[in-house]
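The values are calculated or read from the model by the stated rules, or taken from the named source; none is laboratory data. What you see is a predicted model; the values in this text were computed from it and never measured. Here Cβ is always computed from backbone atoms with ideal geometry, including for glycine, and neighbour counts include all displayed protein chains.
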Amino acid sequence: MVVIMKRDASQEEIEAVIANLSAFGFNIHRSSGVNQTVLGAIGVKPGFDHRIIRGLKGVADVKRVTEAYKLASRAGRDASTIVDVGGLQIGGRSITVMVGPCSVESEEQIKATTAHVASHGASLFRGNILKPRTSFYEFYGVEEGRLELIRPAADDGDLKVAIEITDVTRLDMMSEYADILQVGARNMQNFELLRALGTSSKPVLLERGLSATVEEWLMSAEYIMRCGNTQIILCERGIRTFESATRYTLDLSAVSVVKAKSHLPVFVDPCRSTGMRNNIIPLARAAVAVGADGIMVDVHHDPANASGAGLSALNFDQFAELIIQVRDVAEAVGRSLSVGGGTNGLH
């Protein structure tokens, strides 16, 4: 159940509603926006009459939430969530571009990539040091020593940093360097990790699992939110289907479906799904047109010699072209590109 307080509700009225809900045995999750407070009442109480709460002072409306993902649901919310990443606003009318190599390889790669993408309009740098792989023999990244190189290079370009976290034991270490903690598709239902991220103060980017339904994806977000962290970005990166022409099938319909069901911002990763760089720019355009709040793309200074996923990485010139095309589509649908770092490549 969601209780929407009036815009002018006093603190005393809000506390009184919380006390009433608690007395009935509900667990309360409070979400306060700029102008309004929303109370999520979690629990199954057969026979409970919601009119009791509706009649309390300061209550504007009470809505029953039938979805299992109570906190991630859009029910009862007037506005979409905007995730604040150290001043970078993700969601709303702006579209964010997140860029980086599939895996960090060297200091040369980090410095060259951050400098270029910052000057051409990216706001986020993805600095993954470890990548879960299907095959044991694929390049899985470098160890922790590269973290010290990522942060200063990103700071030089005024870029926020997202780093993929693969297990709970690395949470403190990753949090020291990352502005966003990224959960890869293979860890979407790593519930121990999700619970731990729920106690973190860092925003979380949650990728959709390889074969996950939209509901399962949102239920994973619910794990994080229920443990206290409401700053979540969802990321559609393609799902496994019968189609073999591409690596995965990019489910762009999921973007509009999720934005109707949930208040959380949604990114799209066109690189993971196709596995081929010639498809990335068209799919990035489509992602913006369908309503995505951001795109995440692989960029490498030398894709032909990349240690991992070189075929799905854009070179520097291709990234500059992507930014121009994404900006044009954003303007066509009444939105704007959120640029970070320098903007020398934007005209």
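Miscellaneous remarks
- Taking the conditions (1) in contact with a Lys or Arg (Cβ under 9 Å, 6 or more places away or on another chain); (2) among the basic types (Lys, Arg); (3) within 27 Å of Asp158 (Cβ to Cβ) in turn, Lys111 satisfies each one other than (1).
- Against the conditions (1) surrounded by fewer than 21 Cβ atoms within 10 Å (Cβ to Cβ); (2) in contact with a strand residue (DSSP E or B) (Cβ under 6 Å, 6 or more places away or on another chain); (3) not acidic (Asp, Glu), Thr96 satisfies every one except (1).
- Wholly within segment 148-214, strands (runs of 3 or more DSSP E) carrying at least 3 residues that are modelled with pLDDT of 95 or more: 180-183, 204-207
- Residue tally, condition modelled with pLDDT under 95 and β-branched (Val, Ile, Thr), over segment 282-322: 2
- Identity of the residue in segment 268-302, in contact with a Pro (Cβ under 6 Å, 6 or more places away or on another chain) and among the aliphatic types (A, V, I, L, M), that ends up farthest from Val104 (Cα to Cα): Leu283
- Inside segment 35-67, residues that are exposed (fewer than 12 other Cβ atoms within 10 Å of the Cβ) and of a type in the set (A, V, I, L, M, F, W, C) make up a count of 1.
- Residue satisfying all of: in segment 9-34; over 22 Å from Arg51 (Cβ atoms) and without any contact (Cβ under 8 Å) to a residue 40 or more places away in the chain; surrounded by the most Cβ atoms within 10 Å (Cβ to Cβ) among these: Ser32
- Within segment 232-253, the presence of at least one residue that is in a helix (DSSP H, G or I), modelled with pLDDT of 95 or more and assigned by TED's automatic domain parsing to the domain that holds Ile165 is confirmed.
- Boolean, Ala212 is closer than 23 Å to Gly127 by Cα and among the hydrophobic types (A, V, I, L, M, F, W, C): no
- In this entry, Ala260 is excluded by the filter for residues that are over 24 Å from Gly91 (Cβ atoms), surrounded by fewer than 22 Cβ atoms within 10 Å (Cβ to Cβ), at pLDDT below 95 and not polar (S, T, N, Q).
- Subset of segment 226-241 that is out of contact with any helix residue (DSSP H, G or I) (no Cβ under 7 Å at 6 or more places or on another chain) and hydrophobic (A, V, I, L, M, F, W, C) - its residue that is surrounded by the most Cβ atoms within 10 Å (Cβ to Cβ): Ile233
- Spans of strands (runs of 3 or more DSSP E) in segment 16-122 with at least 2 residues among the hydrophobic types (A, V, I, L, M, F, W, C): 37-42, 59-63, 83-85, 88-90, 94-100
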